[in-house]
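Heads up: the structure comes next, in structure tokens.
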Amino acid sequence: MSPPPVPPRPGARRWLASRGDDRGSVAAEVAVIAPALLILMLLVVYAGHVAEADGDVRRAASEAARAASLRQHPDAAIDAARETATANLAAAGIVCDPLTVDVDTDNFVPGGTVTVEVTCVATLDAVTLLRVARDRSYYARSVEVIDTFRSTVT
């Protein structure tokens, strides 16, 4: 024969009932934290796209200034800078609307400088869930020294 069941101590049932049931608490915590983590990841992606586009505009300005400094005439330098900046941004996948390339050839002599300023308003479609401004303006300025010992056309 088995021994009779031991009656619970007084107050034990109240203690167990007041403790509550923890089942499902992890699912509730994940449901609260998951949207915050998703928004954080989207912000990181957005920041990466902004930084990449900024770097591409800076690189386009630098390449455009270099291309302009290699030309013999100021008019050819302006054309080369515009073509180079446009091609560089197109190769990077940056669509600018509008794209402005200003070339300063006032000091276009051997030993002088050529300055290129690129302004680009680009659309960032990569992160539409954040509802941030889709159009963002980027600006870069680059100065290149013209070779002192280069030949000049007379």
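What follows draws every value from the coordinates through simple rules; no lab data is involved. The structure presented is a predicted model; accordingly, all values stated were derived computationally and were not measured. Because the Cβ atoms are built from the backbone with ideal geometry, glycine has one as well, and the counts that use them run over all protein chains shown.
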Burial ranking of peptide ranges 53-62, 109-118, 140-149 (average Cβ count within 10 Å, highest at the top): 53-62, 109-118, 140-149
On alpha carbon coordinates alone, what is the Rg over Rh value for the range 25-145, Rh being the Kirkwood radius? 1.24
Placing +1 at every Lys and Arg Cβ and -1 at every Asp and Glu Cβ, with all other atoms neutral, what dipole size does the range 25-145 have around its Cα centre, in debye to the nearest 20? 260
